[in-house]
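Data block below; observations after.
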Amino acid sequence: MRLKSYLTLLPVLALGACSSGDYRLFHPINAIATQEWHATIVDTVVMLLIILPVLLAIAIFGWRYRANANAAYDPDWSHNTVLELLVWGVPFVIVAGLGLYSVKTIYAIEPYKPGLLQKQASTDPQSVLNVDVINTDWQWVFIYPDQHIATIDELEVPKGSIVKMRLTSTSVSNDIYIPQLAPMIAVMPGMRTLDTFDAPALGEYTGFAADFSGAGFSWMQFATHIVSQDDFNTWVHKAASSPNQLSYAAFQKVAQPHVNVGAKVSYFSNPDPQLFNKVVAAAQAGVVYPVSSALTKSIGSNEK
Amino acid sequence: MQLQVPGPWSLLLGRLTLDQIPYTNPILQVTFAVAALIGLVIVGAVLYYKKVGYLWREWLTTVDHKKIGVMYIIVGLVMLFRGFADGLLIRTQQVLANGPHAAGYIGATHGFLPPFHFDQVYSAHGTIMILFAATPILTGFQNIVVPLQIGARDMAFPYMNAVSLWLTTAAAVLVMISLFVGDFSQAGWVGLIPLTELPYSPGVGVDYWMWAIQISSVGTTLNAINMIVTIVDMRAPGMTWFRMPVFSWTTLSTNIIGLTAFPVLGVALALLGADRYLGTHFFTAGMGGNLMLYTNLFWIWGHPEVYFLILPTFGVLSEVIPAFSQKPLFGYVTMVAATFAIAGISWLVWLHHFFTMGAGPDINGFFSVATMLVGIPTGVKVFNWMFTLYRGRITYTVPMLWAMFGLFLLLVGGLTGMMLAIPAINYTVHDSVFVIAHFHCMVLMVVCAGFAGVTYWFPKLFGFKLNECWGKAFFWTFAVGTVTVFTAMFALGFEGETRRLDWTFNTAWKPMLVVEEVGMIIYVLSLALFAVMLVVSIRDRNKQKLAADPWETSRTLEWLTPTPIPFYNYAVTPQVNTRDELAWRRKYGMEHTKPDAYEDIHMPSNSGLPVILGALAGIWGFAMIWRIWWLAAISLLGVVLIVIIRSFDKNAGYHLQPAEIEAMERDLSIGAITAEQPDRSHHIITHAEAH
Amino acid sequence: MAHDTAPTANTRLFRPGYEGHNQISARTLGFWLYMLSDALLFTALFAAYAVLDTPMNAAGGPIASQIVNPVEGFWQTIAILGSVTSYSLATVAMKNGNRGGTALGIVAAIALAVVFLAFGVNDLTTLAAHGDGMDRSGYLSAYFVLILTHAIHMGIGILWMLVMLVQIPRYGFNEMVVARMLNLRMFWQFQATVWVCVYVYVYMIGA
């Protein structure tokens, strides 16, 4: 494992805890997260190439030239043209290299159209799963337009698919984030953003809100399951048989400020196919879902 | 069009009602009791020792740049303490409220702070630390040191200097009042949009945040003008640009940033205010508003603001490291160039605060590379400090220890900053506590340089050193606390913990949260040691007799003045012959040479108007927050009247007589910063006489 | 250390009688810097206006071409430029030590500024009366606040001029009065410059 040998360079390793699965960013699942993890390693190694020697030099100079060490003392030395060119040149070379690398990786993992996934998306368009995500105060609504179902606080995708999420918010801004899978991307009212990730392995993950959105923010997790195609189909059937339908009118109730403690899952059948667009248009037209001071005060407290 | 007033409102008191005072909250009860006790002790001491007149004449009405600087630093330290208390609450809440089964205390479901309270605490922590702790402390240093370093008697505009101080203080007071009257903002120190709009923040919290920042930023802008004019116009004869100490250079660059960046913040907040007060739609999601406009405007100020804090810090390191290496700063010219390169680039990188906005790869790529460019001049600075150590004769005094630790934090912050500059990495840690750990490394470098500066320049002002032994104990506990807290926080970032969580839902985070809490306890200890250091130093103040240069290795002009420094700074304006003037005079045995004769010195008179102006600005802010329109109108009118009254003031200062100066130069305690000056009103000259 | 030269007999360590800086030049530089910050303020406002000047940000309300009146704006431009000219003539009179002429120039400058403001206030109140106030849309918010911010600056300038009308007869042209008059000239010319930018950007391009 080359990764392991890279790992030893990380300063946090000093804690001796890196092999633990808790360090989720060290254990990427899909192509996107793996690329992000590689970028982390490359950047750290390159930077340490310069930072470690500097730290070492500071330590050595600091020890060697302490006042009572009787080392060489050159009270006037403050200029050296070659060195001064070098101190500009070395950081310049490093920044140039890392800058190039940074730009390259952006195109590979760009959440709107990741270069890494373009080949699969074009050769196997069937594997693309579209999900419309609406962020409310303080829940996540996932609409599967092609499957005609919707859920609250549960994202289920079949293994091997490429998940394309369209994102918007009813109320305030937020970030969506699934560590090990999906990069953070902003979710904003009246606007549409995109996030894309692949699902190469079965597993259960926790996605959550990353950008503060008010008093219920801490409770905004959603379960993310990567399941087999058969399990996915079964799950779609289960959701489709839900008596609750998600029309725009029914959505108004969902969109009211509410903390879903324990991230309990709900299913809906027959979501309005235009629901996502209607939510975007409504926010642009000035529809808000106000949060009263009284509600803010009661959340997470015993003063219910 | 009518002014928007959410909820009940009365003509007399605006939105203010009795139930806005959270007297039932036990945490606030304790806080109030402690604050009231400290306040009573201070007021009592002032009354008991009959120091009211002294306080008014020598401090509140002063226009002396050193006293103003000291007051800036006191305001900053008080707010630093408040901000630290907030930090302690945040850390304790997060460790207590971990996992679904975490117990709840005093009204909270998990931990002891429900979101309503926690969100105010973290918002206040950020706002206070950046705008009301770090900024005043650094402004204080610039006020104290720059006129001395360039051989001036005062700032270019001493009166305006006092106005800046009192505006900043008024804003800090407003933030403190928000503890006990109403609430503070719950939308982060950045004012997350559209969370700060009325539908989502109907209370007065955002208004407190907004007006406090607005008032203090007027003070900061005025101070920036003052600093730039002082440096451009008031350098002593012979002090050419490239003989100017690096701290003055960094002050110049930082205030150019301040002058150009703060108006943008003012506009961002004013437009938000228009949304909240006048019902406009600048940043609303609907009705043609554009919420990313706010985010862009805020960070167009916000990123330069980061360098506004960091550049003077670099200046302090560039003074302290050469002084205790007994060598000139390596690569002075490249250091100055790097300073201005950083200031320039700081304007081009703001978008890296929202790489995750969904901008295209081209835009993110541009800002990624632009951000990395900052690494070049910063790297240059680190190399130059490193070569300054080379073949030096290093003494590890307390300021030097702080400087070295600051250097370490800068390197860690730089390493992680380069990671965040890469969008591919940023997408995984953008809103995680990894970012928090990164910028805390940076701002703690500011704090380290702050304490380096405090210990370094303290004896110059007050005539006695801070206790070395307790100072070292304070330093080491602080350093250990810092490493503990932020190593754990970096780890938590890699565990995927995001910021601003009232309830830390993942139990896997528990071990590192506990480590952080341990670090916080070490911090508390270090704070206690800081207090001990102050008390011991003040107690032993008469045990030392200090020369003009108490460290004996300082290099720049400010150490040429007597210690403690008299209020007129230089009895006779010095002639500057070289860079590092004092080191040069010492080398040729001239550091004790005194001027042959003294002459009249023209000094500005004290004025009570700035402090009244500050008070009126504070009242105006309070009235605007609570929408008490009549009070707002009266206080604003008062501000305008004071500005006009001042323009009719014929007092052009007074002349110090040579005999007086000679007496003060002989007995340094007569002119010292703590001494009470005799009434000099009979020496006052008017503008008509002056010309 | 190339600049390290040993002291000679001519080396001076002190400079008795050093005059220091000149008050007027310091004040002028300080005021220039203030103007720079004010320019940044207007830059940010113009940026906000540019961002919000799209049909989408009009949110169904009027767009620029439906509310600006370049002809009326032209008369406003004439009024404000006339005000600046009057004020400049006042400073010419000041140079000649002519208090009466200076006061007359200032009064004329105030009168023209009031004419300018009257046009603007009329514009905004008419719009608001038709239901197109600043709370109608993002675009109108930007329009109103840009115009109002400039108007507030003009109001402060007028107040400043009134103070000068008191100080000139009272103190004559002493150092402080002259410094204030010169800074006010800079302030006034800057407000006219901002208005010209508003006129070109909002009124002419918008129409």
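Only the coordinates and a few stated rules stand behind these numbers; no lab work does. Keep in mind it's a predicted model, so treat the numbers as computed, not measured. So basically every Cβ, Gly included, is an ideal-geometry build from the backbone, and we count neighbours across all protein chains shown.
Enter the mean number of other protein chain beta carbons within 10 Å of the beta carbon of each residue in B:193-203, as an integer.
Values: counts 3, 9, 11, 1, 3, 2, 7, 13, 6, 6, 4.
Rounded to a whole number, the mean comes out at 6.
Relative to the first principal axis of the alpha-carbon coordinates of chain A, what is the inclination of helix A:81-109, with its axis defined by its Cα atoms, in degrees from 0 to 90 and to the nearest 10?
20
Roughly how big is region A:121-286's charge dipole about its Cα centre, with Cβ charges of +1 (Lys, Arg) and -1 (Asp, Glu), in debye to the nearest 20?
Its charge dipole is roughly 380 debye.
Go through region C:159-176 residue by residue and turn each phi into a ³J(HN,Hα) via Karplus (6.51, -1.76, 1.60, θ = phi - 60°); whole Hz please, and just put x for glycine and proline.
Each residue's phi maps through the Karplus curve to give 4, 4, 4, 4, 4, 5, 4, 7, 6, 4, x, 6, 10, x, 8, 7, 4, 5 Hz.
Name the shape class, rounded, prolate or oblate, that the alpha-carbon gyration tensor gives for region A:121-286, where a ≥ b ≥ c are the square roots of its eigenvalues, rounded holds for a/c under 1.5, and otherwise prolate holds if a/b is larger than b/c and oblate otherwise.
Details: a/c = 1.44, a/b = 1.28, b/c = 1.12.
Verdict is rounded for region A:121-286.
Quick one: check the C-alpha center-to-center distance for region B:101-119 versus region B:651-677, whole angstrom.
Centre-to-centre distance over Cα atoms comes out at 57 Å.
Would you tell me the mean number of C-beta atoms belonging to other protein chains that fall within 10 Å of each C-beta in B:344-357, as a whole number?
Numbers: counts 0, 0, 0, 0, 0, 0, 0, 0, 0, 0, 4, 5, 13, 7.
Going residue by residue through B:344-357 and averaging, the value is 2.
Taking the dipole about the Cα centre of the protein assembly as shown, with the C-beta of Lys and Arg at +1 and of Asp and Glu at -1, give me whichever of B:SER318, C:HIS130, B:VAL5 is farthest to the positive side.
Towards the positive end, the residue furthest out is B:SER318.
Spin-label point model (7 Å from Cα, Cβ direction): what's the A:ASP76 to B:THR24 distance in nm?
Going by the 7 Å Cα→Cβ label model, 7.7 nm.
Expressed as a whole number of Å, what is the distance separating the alpha-carbon centroids of region B:515-558 and region B:324-365?
Using only Cα atoms to place each centre, the spacing works out to 32 Å.
Ranked by Cβ crowding within 10 angstrom, fewest neighbours first, how are B:CYS441, C:CYS197, B:CYS469, B:CYS448 ordered?
So the residues, fewest neighbours to most, are B:CYS469, C:CYS197, B:CYS441, B:CYS448.
Based on the mean of other beta carbon atoms within 10 Å per residue, what is the order of B:122-130, C:38-46, B:637-645, most packed first?
Ranked by mean Cβ neighbours within 10 Å, highest first: B:122-130, C:38-46, B:637-645.
Working from Cα positions, state the angle (0 to 90°, nearest 10) between the long axis of helix A:31-64 and the longest principal axis of chain A.
30
What is the local net charge at B:PHE118, summed over the other residues whose Cβ is closer than 9 Å to its Cβ (Lys, Arg +1; Asp, Glu -1)?
Working: positive: B:ARG500; negative: B:ASP119, B:ASP502.
My count for the surroundings of B:PHE118 gives -1.
Using +1 on the beta carbon of Lys and Arg, -1 on that of Asp and Glu, and nothing else charged, what's the dipole of the protein assembly as shown about the Cα centre, debye to 20?
On the way: 64 positive and 71 negative charges, 411 e Å.
Using only the charged Cβ atoms, the result is roughly 1980 debye.
Which percent, nearest 5, of DSSP beta bridges in region A:121-286 are antiparallel?
Details: 30 of 45 bridges.
In region A:121-286, approximately 65 percent of DSSP beta bridges are antiparallel ones.
What is the extension gain from B:GLU468 to B:HIS592, computed as 0.36 nm multiplied by their sequence separation minus the C-alpha to C-alpha distance, in nm to one decimal?
42.0 nm
Of the listed peptides C:126-134, A:178-186, what is their order by residue-averaged count of other C-beta atoms within 10 Å, with the highest listed first? Please list the in-between numbers first.
Values: C:126-134: 15.4, A:178-186: 25.6.
So the order, starting with the most tightly packed, is A:178-186, C:126-134.
For a quick check: with amide H placed at 1.01 Å from N, whose amide H comes under 5 Å from A:ASP175's, ignoring anything fewer than 5 positions away on the same chain?
Counting only residues 5 or more places away or on other chains, the set is A:VAL187, A:ALA210, A:ASP211.
As an exercise, use a Förster radius of 30 Å and the Cβ-Cβ distance of B:VAL52 and B:VAL480 to find the FRET efficiency, rounded to the nearest 0.05.
Values: r = 42 Å, r/R0 = 1.41.
Plugging the Cβ-Cβ distance into 1/(1 + (r/R0)^6) gives 0.10.
As I understand it, the dipole of region A:121-286 uses +1 on the Cβ of Lys and Arg and -1 on the Cβ of Asp and Glu, about the Cα centre. Which of A:ALA223, A:HIS148, A:PRO183 lies farthest toward its positive end?
The listed residue farthest towards the positive side: A:HIS148.
On a 0 to 90° scale, report how tilted helix B:375-389 is relative to the longest principal axis of chain B, with both axes built from alpha carbons and the result rounded to the nearest 10.
Approximately 40 degrees, to the nearest ten.
Please give me the summed charge of the neighbours of A:LYS159: other residues whose Cβ is under 12 Å from its Cβ, Lys and Arg +1, Asp and Glu -1. Each step should come with its number before you reach the end.
Numbers: positive: none; negative: A:GLU156, A:ASP198, A:ASP230, A:ASP231.
Residues close to A:LYS159 contribute a combined charge of -4.
Counting only DSSP beta bridges with both residues in chain A, tell me the antiparallel percent, nearest 5. Mind dumping the intermediate values first?
Working: 30 of 45 bridges.
In chain A, approximately 65 percent of DSSP beta bridges are antiparallel ones.
Given labels modelled 7 Å from the Cα in the Cβ direction, how far is it in nm from C:ILE78 to B:GLU552?
According to this spin-label approximation, the distance is 8.0 nm.
Could you size up the charge dipole of chain B around its Cα centre, putting +1 on the beta carbon of Lys and Arg and -1 on that of Asp and Glu, and report it in debye to the nearest 20? Could the numbers behind the result be given before it?
Numbers: 37 positive and 39 negative charges, 202 e Å.
With only Lys, Arg, Asp and Glu charged at Cβ, the dipole is about 980 debye.
I need the shape label for region B:406-552. Rule: rounded when a/c is under 1.5, else prolate if a/b > b/c, else oblate, with a, b, c from the alpha carbon gyration tensor.
Details: a/c = 4.08, a/b = 2.09, b/c = 1.95.
Judged from the Cα gyration tensor, region B:406-552 comes out prolate (a/c at least 1.5, a/b above b/c).
Could I have the simple spin-label model distance between B:ILE38 and B:PHE648, label points 7 Å from Cα toward Cβ, reported in nm to one decimal?
That separation, rounded to one decimal, is 4.1 nm.
Other chains near B:408-418: what is the mean number of their Cβ atoms within 10 Å of each residue's Cβ? If you can, show how the numbers build up before the last one.
Details: counts 3, 0, 0, 7, 3, 0, 5, 8, 4, 1, 10.
For peptide B:408-418, the averaged partner shielding equals 4.
Relative contact order (percent) for region C:43-129, with alpha-carbon contacts under 8 angstrom and 6 or more residues of separation? Provide the component values of the computation, followed by the final result.
Numbers: 52 pairs, mean separation 22.6, N = 87.
The value is 26 percent.
Please list C:67-77, B:515-525 highest first by mean number of surrounding beta-carbon atoms within 10 Å per residue.
Working: C:67-77: 16.8, B:515-525: 18.6.
Answer by packing, highest mean first, reads B:515-525, C:67-77.
Give me the net charge for the shell around A:HIS148: Cβ to Cβ below 15 angstrom, other residues only, Lys and Arg +1, Asp and Glu -1.
Working: positive: A:LYS238; negative: A:ASP132, A:ASP146, A:GLU156, A:ASP272.
With Lys, Arg at +1 and Asp, Glu at -1, the neighbours total -3.
Residue farthest toward the positive end of the dipole of the protein assembly as shown, with Cβ of Lys/Arg at +1 and Asp/Glu at -1: which of A:SER242, B:LEU501, B:GLY302?
Highest projection toward the positive end goes to B:GLY302.
Can you give the % of DSSP beta bridges in the protein assembly as shown that are antiparallel, to the nearest 5? Let's see the in-between values first.
Values: 39 of 57 bridges.
Beta bridges within the protein assembly as shown, antiparallel portion: roughly 70 percent.
What is the fewest-to-most order of A:LYS164, A:LYS253, B:LYS67, B:LYS650 by other Cβ atoms lying within 10 Å of their Cβ? Present the calculation step by step, with values, prior to reporting the outcome.
Numbers: A:LYS164 19, A:LYS253 9, B:LYS67 23, B:LYS650 14.
In order of increasing Cβ crowding within 10 Å: A:LYS253, B:LYS650, A:LYS164, B:LYS67.
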